[in-house]
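Since the structure comes first, as structure tokens, the remarks are kept for the end.
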Amino acid sequence: MTDKRKSRLARFKARTGKSLAAILVASGITALLVGGLYQGLTRSRDLIYKDHLDDTAAVVDGEKLTFRDLAFYVTYEENQVQKSALAYDPEKPWDYWDSNLGGKFVVSEAKRASINMAIHDRILLRMAEDSGTALTTEEKKQLENRTTDFYEDLYDDQRENLPVSYQTINRTISDIAIAEKYQRELAEKNDDTFASYSFDGKAYKRLRKKHDVKISDSWWRIRMGRITLGYGVAYSSSRKNLKRKTGK
């Protein structure tokens, strides 16, 4: 074989090798993209909350917290965010729900707040039980008023769309009252503030590190704003339901 033919053959092999390598790399990238897209779509598919009440949302020190256990927190958080949404744009509050504020999506932060409040209360509730903390007769009377206030503060469609029974909601409110009483005791015992032991407080964050907490992937697939508020694909059809008993 002449030197020229060898040279042409070498250049051909080099070009072919580079082309083949490019094809393999492109194929690999495509496979990764398709796989990632599929997984993303699967993970992002919204769950129908009422169909998953017995599913695990989180596990705290080996104890399961189900979607049913978190129903109060979801209802409460949707109510609080909706107040901000209506102040933001009374005609199109869903624009607020779907917005990104300070680099954080409102919907995602609502999910995060709900699950973290529930974890916080479960940790403190179990600690309260271990220490013998319980509500007094007077505190139980105050709890009745607090429960009534909670329901009166809900929007009409929230009361209609509660994912669980009133008994389940009431039981959670009672547990929260005990957890909060222990939170005050804990703050006084450690010469700290009540706020520092809230779910986003510094003292509580240190405390939480001592507990085994795992949040289920399925929790992030719920769609806040569509559980008790009745938002569908179109917002306008549910606008008339977003009124209080006063009609305001």
Can you find a residue in region 123-144 that is in contact (Cβ under 8 Å) with a residue 12 or more places away in the chain, loosely packed, with under 15 Cβ neighbours inside 10 Å, among the polar types (S, T, N, Q) and in contact with an Asp or Glu (Cβ under 8 Å, 6 or more places away or on another chain)?
yes
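Residue check: is SER44 modelled with pLDDT under 95, within 18 Å of ILE215 (Cβ to Cβ), small (Gly, Ala, Ser) and surrounded by fewer than 18 Cβ atoms within 10 Å (Cβ to Cβ)? Step through it out loud before you land on a result.
On the way: modelled with pLDDT under 95: yes; within 18 Å of ILE215 (Cβ to Cβ): yes; small (Gly, Ala, Ser): yes; surrounded by fewer than 18 Cβ atoms within 10 Å (Cβ to Cβ): yes.
In short, yes.
Scanning for something part of a helix (DSSP H, G or I), within 24 Å of ILE227 (Cα to Cα) and modelled with pLDDT under 95, does region 141-156 turn up at least one residue?
Of the residues in region 141-156, the ones part of a helix (DSSP H, G or I) are 141-153, 156.
With the extra rule that they be within 24 Å of ILE227 (Cα to Cα), the set shrinks to 146-153, 156.
With the extra rule that they be modelled with pLDDT under 95, the set shrinks to 156.
Yes, region 141-156 contains a residue that is part of a helix (DSSP H, G or I), within 24 Å of ILE227 (Cα to Cα) and modelled with pLDDT under 95.
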Kindly indicate which of ALA134, ALA128 is part of a loop (DSSP other than H, G, I, E, B), more than 20 Å from the chain's Cα centre (by Cα), aliphatic (A, V, I, L, M) and assigned by TED's automatic domain parsing to the domain that holds SER196.
ALA134
Quick one: count up the residues across region 157-178 that are farther than 13 Å from GLU78 by Cα and assigned to a helix (DSSP H, G or I).
14
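Residue-by-condition table, conditions (1) under 18 Å from MET127 (Cα atoms); (2) surrounded by 14 or more Cβ atoms within 10 Å (Cβ to Cβ); (3) of a type in the set (A, V, I, L, M, F, W, C); (4) at pLDDT below 95:
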site	(1), (2), (3), (4)
VAL164	no, yes, yes, no
THR168	no, yes, no, no
GLU185	yes, yes, no, no
ALA195	yes, no, yes, no
LYS209	yes, no, no, no
VAL213	yes, yes, yes, no
SER218	no, yes, no, no
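Could you look through region 96-110, keep only residues that are more than 12 Å from the chain's Cα centre (by Cα) and surrounded by 13 or more Cβ atoms within 10 Å (Cβ to Cβ), and pick out the one that is farthest from VAL213 (Cα to Cα)? Quick ask: steps written out before the conclusion?
Step one: list which residues in region 96-110 are more than 12 Å from the chain's Cα centre (by Cα), which gives 96-104.
When the remaining residues are screened for being surrounded by 13 or more Cβ atoms within 10 Å (Cβ to Cβ), the result is 96-99.
Details: TYR96: 31, TRP97: 28, ASP98: 28, SER99: 29 Å.
Ranking the candidates gives TYR96 first.
Only one of these is modelled with pLDDT under 95 and charged (D, E, K, R): GLU91, GLU63, GLU77. Name it. Explain how you work it out, then say what you get.
On the way: GLU63 fails: modelled with pLDDT under 95; GLU77 fails: modelled with pLDDT under 95.
Step by step, each of GLU91, GLU63, GLU77 is checked, and only GLU91 is modelled with pLDDT under 95 and charged (D, E, K, R).
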Filter region 64-93 for residues that are surrounded by fewer than 20 Cβ atoms within 10 Å (Cβ to Cβ) and of a type outside the set (D, E, K, R); which is nearest to GLY230 (Cα to Cα)?
ASN79
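The values are calculated or read from the model by the stated rules, or taken from the named source; none is laboratory data. The structure presented is a predicted model; accordingly, all values stated were derived computationally and were not measured. With ideal geometry, Cβ positions are generated from the backbone for all residues, glycine too; neighbour counts draw on all protein chains shown.
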